[in-house]
Amino acid sequence: MAVFRTMAYPSADEMVFGRALKPVNCGFDLAIGSGFVIPELKYAPRPGTESSLESILEEYRRITTDALKRAVAVGIPMLVLELEHVYQLSHNPEWGAAVARMTAEMLEEYHSKYGLKCALRATIADFRRPANGLRDGEDLNTMLQAFDRSAAEGAHILSIESTGGKEVFNHCLTRQDLRGILFAVGVLGSLDMQFLWSKIVEIADRRGVIPGGDTDCAHANSAMFMAAGLLDTEMPHVFAALIRAIGAARSLVAFEQGAKGPDKDCGYEGPIIKAITGSPISMEGKSCACAHSSMCGNIPAAVCDLWSNEAVQYGEMFGGTTPQVFMEILGYDAAQMNAALQMGVETILRDVFVASDKYRDPQAFVLAPDVAYEIGKAIISHEDYYLRAKAAAVKAAELINQANSSGALALTRFERRVLDECIDCLNSLPNDPDQFISDCLKDYACVEDFRPHNYGLAGGAS
């Protein structure tokens, strides 16, 4: 397992959109991170079309046809299509393989006819259930088979939104228990990533495809969703920002196991990952409002290599079907960034992206390249999963506190109080990982479905 002990970039100012230190070549003549920002379209079938293989194949055929026709019509020269599996595609690996095969064949046709540089990412659904076992059993075997079959039948990049630690995380998120979230995401999530990504990388290498990366969607995006006010909650924005930093320490494990990027679009922690690894990243921001609201806006575009809409359900809009509309939106977004690269003004546009939204919210603040870089440095100062997740949270809290104290980042009295409470909590935590884990195993043994053996740990719940 590789361990990152130095930053890939000498400074945050060296990072920019469209260029990565370790470009990835894949698919049909596509080079990601080699000097261009590439749109990555993600889509979802309409409910009910997944009832049979025939109906879901026809749905994805319509989606892919619409997206590719629009790309050619408006002159988009390169793209990635992300086939993010609905449950049925991963639970029935041959279904996922059939859709991958059909999509890859259509991409090859458009590459041959129009010179479209393109690739297919398959994101397998993590449907493992803690009560049934995360490291063995039918769910795991079926999921790994879905990876293998998709890779064999045309997927060029393999990814997942893994959910290890989710059972403890959900318990702690509703209680705003930062200590428990460090345990759930920083320890349990990292241990699960280590186990799972060793297997994904093995499959990818054997099939000759790219092991892309993961995302902390299951944890950090859940907090972001709640902080956005989409549910009747009072989730503090600073709390969600700290979870994002912790999630970066967890998502790094995929790259330590051999992932090459691009990571997943809904991993907003991507700038931290890119700063540490030099690998290309996929990001989403203003153009993913079709999927969810956030306070991040333009910030995620600052150092992206793929630019995504997150996900949109197939349907009709005045401008065409949803894949057509969002293919065009992403294409023009990417064209603007690519023009800046070609004109040599990319750092100016990057800095405009940052200035527009850096101080809008603490969740945006931690994604700014300079802040992400400092969080990355804190992460690599430790090798232990707990200590580096804790270091990420401490650094994020410290930088948010400094920005607020200087008057640059405004916080409500409620947010300020929560930040102070989080800092006190972090200062109270032990520096001994064994003590921290031992204490947490006892304190969270009550969480339903928490099985320490799912993470290679002994003790706690049986």
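What the table shows:
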| item | result |
| --- | --- |
| Yes/no for E167 being open to solvent by 10 Å² or more (accessible area, probe 1.4 Å), of a type outside the set (G, A, S) and either under 20 Å from G376 (Cβ atoms) or in contact (Cβ under 8 Å) with a residue 24 or more places away in the chain (or both) | yes |
| Top-ranked residue of region 316-350 - restricted to ones that are over 28 Å from K22 (Cα atoms) and touching a Lys or Arg at 6+ places or on another chain (Cβ under 7 Å), ranked as least open to solvent (accessible area, probe 1.4 Å) | G320 |
| Residues of region 422-434 classified as surrounded by 13 or more Cβ atoms within 10 Å (Cβ to Cβ) and either assigned to a helix (DSSP H, G or I) or in contact (Cβ under 8 Å) with a residue 12 or more places away in the chain (or both), total | 6 |
| Residue check for A31: at pLDDT 95 or above, among the small types (G, A, S), within 19 Å of L158 (Cα to Cα) and open to solvent by 20 Å² or more (accessible area, probe 1.4 Å) | yes |
| Candidates I181, I203, filtered to the one that is surrounded by fewer than 24 Cβ atoms within 10 Å (Cβ to Cβ) and either modelled with pLDDT under 95 or in a helix (DSSP H, G or I) (or both) | I203 |
| Selection count where residues are more than 21 Å from the chain's Cα centre (by Cα) and either basic (K, R) or open to solvent by 60 Å² or more (accessible area, probe 1.4 Å) (or both), scope region 2-28 | 5 |
| Yes/no for L419 being in a helix (DSSP H, G or I) and farther than 28 Å from R350 by Cβ | no |
| Neighbours by Cβ (under 9 Å, 6+ apart or cross-chain): first from region 133-146, without any contact (Cβ under 8 Å) to a residue 24 or more places away in the chain and over 17 Å from W95 (Cβ atoms); second in a loop (DSSP other than H, G, I, E, B) and of a type outside the set (D, E, K, R) | L140/G133; L140/L134 |
| Set S308, S279, S293: member being in contact with a Leu (Cβ under 9 Å, 6 or more places away or on another chain), surrounded by fewer than 19 Cβ atoms within 10 Å (Cβ to Cβ) and touching a residue at least 60 places away in the same chain (Cβ under 8 Å) | S293 |
| Filter result (under 26 Å from L30 (Cα atoms) and buried (at least 20 other Cβ atoms within 10 Å of the Cβ)) within region 118-147 | C118, A119, L120, R121, A122, T123, I124, A146, F147 |
| Matching residues in region 206-245 - criterion: being of a type in the set (A, V, I, L, M), in contact (Cβ under 8 Å) with a residue 12 or more places away in the chain and outside any helix (DSSP H, G or I) | V209, I210, A228, L230, M235 |
| Filtered residues of region 188-200 (kept if surrounded by fewer than 24 Cβ atoms within 10 Å (Cβ to Cβ) and either among the aliphatic types (A, V, I, L, M) or free of Cβ contacts under 8 Å to residues at least 24 places away in the same chain (or both)) | L191 |
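Residues checked against (1) under 15 Å from A249 (Cα atoms); (2) buried (at least 20 other Cβ atoms within 10 Å of the Cβ):
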| site | (1), (2) |
| --- | --- |
| P369 | no, yes |
| I375 | yes, yes |
| G407 | no, no |
| R413 | no, no |
| F436 | no, yes |
| Y444 | no, yes |
| P452 | no, no |
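One line per residue, one yes/no per condition, for (1) in contact with a strand residue (DSSP E or B) (Cβ under 8 Å, 6 or more places away or on another chain); (2) more than 23 Å from E161 (Cβ to Cβ):
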| residue | (1), (2) |
| --- | --- |
| N25 | yes, yes |
| P45 | yes, no |
| G48 | no, yes |
| E54 | no, yes |
| T65 | no, yes |
| L81 | yes, no |
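The values are calculated or read from the model by the stated rules, or taken from the named source; none is laboratory data. These numbers come from a predicted model, not from an experiment. Using ideal geometry, Cβ is built from the backbone for each residue, glycine included, and neighbour counts are taken over all protein chains shown. Keep in mind that these areas ignore ligands, DNA and RNA; they rest on the heavy atoms of the full protein, side chains included. Shrake-Rupley method; radii C 1.70, N 1.55, O 1.52, S 1.80 Å.
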